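Worksheet for the structure shown next.
Taken together, the values in this text are just the output of simple stated rules run on the coordinates, not laboratory data. Keep in mind the model is a prediction, meaning the values are calculated, not measured. Cβ coordinates were reconstructed from backbone atoms using ideal geometry, including for glycine residues, and neighbour counts include every protein chain displayed.
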Amino acid sequence: MPTDAILGFAVAGTFVLYALFGGADFGGGVWDLLASGPRKAEQRALIARALGPVWEVNHIWLIVGMVLLFAGFPRAFAVLSVALHVPLTLLLLGIVFRGAAFTFRTYDTRGDTAQRQWGLVFSGASVIAPVLLGLCVGAVVGGTIRVEGRVVVSGFFASWLTPFSWAVGALALCLFAFLAAVYLTHEAPGSALREDFRRRAMGAGVAVFVAALAVLLLARDGAPRVWEGLLRSPFALALHAGTAVAAVAAFALLWTRRFQWARVAAAVQAGLIVLGWAASQHPFLVVPDVTLHGAAASPGAQRLLLVALGVGTAVVVPSLVLLFRVFRPVPTRRAGSEA
Amino acid sequence: MTDLLYARAQMGMSLAFHILFAAAGVALPVLMVLSDWKGRRTGDADYPKLSQKLAKGTAILFAVGAVSGTVLSFELGLLWPEFMGQYGEVIGLPFSLEGVAFFTEAIFLGIYLYGRERVSPGLHLFSGVMVAVSGAASAFFVTLVNTFMNHPSGFTPSASGPMDVQPLVAMFSPGWQYQTAHVLLSCYQASAFAMAGIHAFVLLRYPGAAFHRKALSVALPLACVTALLQPVVGDLSAKHVAKAQPVKLAAMEGQFETERGAPLRLGGLPNVETGEVPYAVDIPKGLSILAFADPDAEVKGLNAFPRDEWPPVAKVHVAFQVMVGTGSAMALLALVTLGWRWRKKAWPHGRKLMWAWLLSGPLGVVAMEAGWLVTEWGRQPWILRGVMRTADAVTPVPHLAAPFWTFTAVYLFLGVTVVFLLVRQVAGTLPSRDSRLTGGEAHAH
């Protein structure tokens, strides 16, 4: 396997992980905004407890993806930074406000009004950021970013303000909310709270299905490569079929209240959606003018980057395992409340 | 203002903002672990309490550092796509390693902050140490990138971009050891001085506050040691700049003509039209001695270089004077404090020295920002010295005033909020009115 393919796979892998972890954190913000019913405060407290120790870590997958992109495929990074300057800047504002407001809410002890205000900033930013992320993905895969030589010629707005991109934005938002709700069913300390998030998870699951359908239908005009992949590439078809199986499984497991396994199925579903995106645009980094191979750094630089990636994996993975073990939901409380 | 200037202003503002939080993220964990360790050694409950307060401060500052750092990793491309598009592969290695360090810092900070009740004391302390080590590593790697921009190496430039790329050579570009040491020290120094300033402030109002004396006794050793080491490292760094980046040195010192036995100019405002530095105090042969350890050494002046390769001379000179001035003041205070400590076998708490520490509280931060301005302005008009001009790296996206003003407003808001929250954290530790009146609790150090 050539180094540029391995690196491309690594970039896709970081995006999968960002969706599974960072995405679910955004989803947590969505449910903070939509908290309702008699257990409104408990829902928010559960979300805050789940996010507190891990959101900064989860969010680093995005930075890792960025760094791999500019170190491994500098040309693509430059093109994306120019063509998507506006949505990326807005996304950054969302990321800044999400993280800062979440932390400020934790440490601001002035009482309920201040808490509510920070909460609103946190949750509002958590809704906007995934949509912007989806808009960017839609532009990258949709083939609307055009490059001549080194110059982006498709303008600064038209490429990402397409119906297809909006559909991808909606899909990202629904998917992240779905993931968060499913994870929270597993982390909820009592059965009432768990049922709250089970209902939310199933509702969001339906929304994911609708949004995914919209993305596929709009792909016919908005992202021809995705559409063709659906019809021709057996690999893409297999990925989409896998996604469908995982989605059905996640729903069935939620229905039968097997939350631990529902969590796994939902993660597989989301991971396959991101991989499906990556596969459908292979071998392009930015459809249709920038390929993996064309944007790749020199082979020597790529090999060193792979070494750094190996070192990083060796250091980060055990630390991550430790982090998630320390903060896994306490089993005794769960056993007590499980009916 | 042109779009180029807005792009530079946005990058500069983002970095100036991020540096504050990054420095705190590097240094506060050390202070936090030190208090934890002192608490375990002495069994004094005030030290764990201090460590928890510091941990809360670290949590707030690190969160803002993390998000503003994310902004920077994107801004590299958003503002300087040509630079990243061509040289991303040359300098991607230290950036990747910085990512790894950032990862471990966040992971262990999560365990340290939220896991006090969940993990053993040993693992808790270990997590704190890992946060401190990762913070230092991440500052180290990111400074390597700046060294590369000051002294590009590890590739052959060509019209179509870098050829024969050797990322390991680029990662350790000449002068890396001085610049990384200088930066790391500045992080510890700035944070320790700020912390000492805060506690000196409380002690001036509540001389009996034992908690704050202990806090001061944690901050002062680090502040004093770094303040005395920094001039030594800074001198090595300047000697390297004198050899490797003579234009920058000439701008720093306001040296217009090449001369032997060049004087050291203290203060003054260089005038590029007349080539003079009015209001400066000259120390004969001082610059030749400092830069080359030889009173008759030749120092290259700005006029030896094409005018369009001059950095903004006045800005670089003034920023340099501010850095050296504040650095000297801090070193002096450190000497006096250490002398007091040596004679009295206790850290000082007298009003005069408390006033001095209060007033010096911001100096570490001022010196750090000024030093960073020296190296950035001093490299202009290049983004990659001698290879790529800043003007050739900037994005073609128009209306850059919009993101500049947006981020300025956002960062201003975040800065004010952070200060507000930190003030409340400190306010929570103030003694009640009674102890202010009764004063004299046990002297602690």
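Relative intensity of segment B:29-179 on a log10 scale, I(q)/I(0) at q = 0.09, 0.15, 0.18 Å⁻¹, equals -0.39, -0.82, -1.00, per a Debye sum over C-alpha point scatterers of equal strength in the absence of solvent. Highest mean packing comes first when the peptides B:211-223, A:102-114 are listed by Cβ atoms within 10 Å, giving B:211-223, A:102-114. For the residue pairs B:Lys243/B:Lys285; B:Lys248/B:Lys315; B:Lys214/B:Lys345; B:Lys56/B:Lys345, the C-alpha atoms sit more than 20 angstrom apart in B:Lys56/B:Lys345.
The Cβ shell under 14 Å around A:Leu92 holds other residues with a net charge of 0, Lys and Arg each +1, Asp and Glu each -1. Look at the stretch B:416-429: the mean tally of other chain Cβ atoms within 10 Å of its residues' Cβ atoms is 2.
Restricting to Cα atoms and excluding each atom paired with itself, what does the Kirkwood estimate give for chain B in Å?
23.3 Å
When segment A:29-86 is described by a simple charge dipole with +1 on each Lys and Arg Cβ and -1 on each Asp and Glu Cβ, the residue from A:Leu69, A:Val54, A:Trp31 located farthest towards its positive end is A:Trp31.
Using the alpha-carbon positions of segment A:63-221, Rg (one decimal) and Dmax (whole number) come out as 18.5, 59 Å.
Computed over segment B:1-77, relative contact order equals 40 percent, with contacts defined as Cα pairs under 8 Å that lie 6+ residues apart.
What's log10 of I(q)/I(0) for segment B:30-108 at q = 0.11, 0.21, 0.27 Å⁻¹, Debye sum over Cα points only, no solvent? At q = 0.11, 0.21, 0.27 Å⁻¹ the computed log10 ratios are -0.47, -0.96, -1.19. Counting Lys and Arg as +1 and Asp and Glu as -1 over every other residue whose Cβ lies under 14 Å from the Cβ of B:Thr258, the net charge comes to -3.
A simple rule links phi to the HN-Hα coupling: the Karplus curve 6.51 cos²θ - 1.76 cosθ + 1.60 with θ = phi - 60°, which for segment A:275-283 gives 5, x, 4, 4, 5, 6, 9, 4, x Hz, with x for Gly and Pro. Computed over Cα pairs, the Kirkwood radius of segment B:1-76 leads via Stokes-Einstein (1.002 mPa s, 20 °C) to a diffusion coefficient of 153 µm² per second. Farthest toward the dipole's positive end in segment B:23-174, which of B:Gly43, B:Ala137, B:Phe74, given Cβ charges of +1 (Lys, Arg) and -1 (Asp, Glu) about the Cα centre? Of the candidates, B:Gly43 comes out farthest on the positive side. Segment A:256-320 and segment B:162-238 have Cα centres separated by 38 Å.
From helices alone, chain B scores -25000 deg cm²/dmol at 222 nm; the rule is -39500 (n - 2.57) for each run of n ≥ 4 DSSP H residues, then divide by the residue total. Here, P(r) means the percent of Cα pairs in each 10 Å bin from 0 to the largest distance; for segment A:40-83 it is 25, 29, 20, 18, 8. Here segment B:202-295 yields Rg over Rh of 1.23, to two decimals, using C-alpha coordinates and the Kirkwood radius. Candidates B:Val272, B:Val218, B:Leu228 compared by Cα position along the dipole of segment B:185-286: farthest toward the positive end lies B:Val218, with charges placed on Cβ. For segment B:358-420, the calculated P(r), taken from all Cα-Cα distances in 10 Å bins from zero up to the bin holding the longest distance, is 17, 26, 39, 16, 2 percent.
Shielding value for A:94-106 is 5, the average number of Cβ atoms from other chains within 10 Å of each residue's Cβ.
Let me check against my output: what whole-number percent is the relative contact order of segment A:86-236, with C-alpha pairs under 8 Å and at least 6 apart?
On the way: 181 pairs, mean separation 31.5, N = 151.
Averaging sequence separation for qualifying contacts and normalising by length gives 21 percent for segment A:86-236.
Computed over the Cα atoms of segment A:202-339, pair by distinct pair, the Kirkwood hydrodynamic radius stands at 18.4 angstrom.
Give me the Å³ per residue figure for the convex hull around the C-alpha atoms of the protein assembly as shown.
163 Å³
Within the shell defined by Cβ-Cβ distances under 15 Å, the residues around B:Ser237 carry a net charge of +1, with Lys and Arg each +1 and Asp and Glu each -1. The spacing between segment B:1-49 and segment A:143-173, judged by their C-alpha centroids, is 38 Å. With distances taken between every two different alpha-carbon atoms, segment A:96-135 has a Kirkwood hydrodynamic radius of 10.3 Å.
Placing one equal scatterer on every Cα of segment B:84-143 and applying the Debye formula, the log10 ratio I(q)/I(0) at q = 0.24 Å⁻¹ is -0.85. The 3J(HN,Hα) values that the Karplus relation (6.51, -1.76, 1.60; θ = phi - 60°) gives for segment B:5-20 are, in residue order, 5, 5, 4, 5, 5, 5, 4, x, 5, 4, 5, 4, 5, 5, 4, 4 Hz. Gly and Pro appear as x.
Working from Cα pairs under 8 Å separated by at least six residues, relative contact order for chain B is 20 percent. Listed values for segment A:33-38 are Karplus-derived 3J(HN,Hα) couplings in whole Hz (6.51 cos²θ - 1.76 cosθ + 1.60, θ = phi - 60°), namely 5, 8, 4, 7, x, x, and x replaces Gly and Pro.
Shape annotation for chain A: C-alpha extents along the principal axes are 61, 41, 38 Å, from largest to smallest.
Expressed as a whole percent, how much of the Cα-Cα distance distribution for segment B:294-445 exceeds 25 Å? The answer is 60 percent, as a whole percent.
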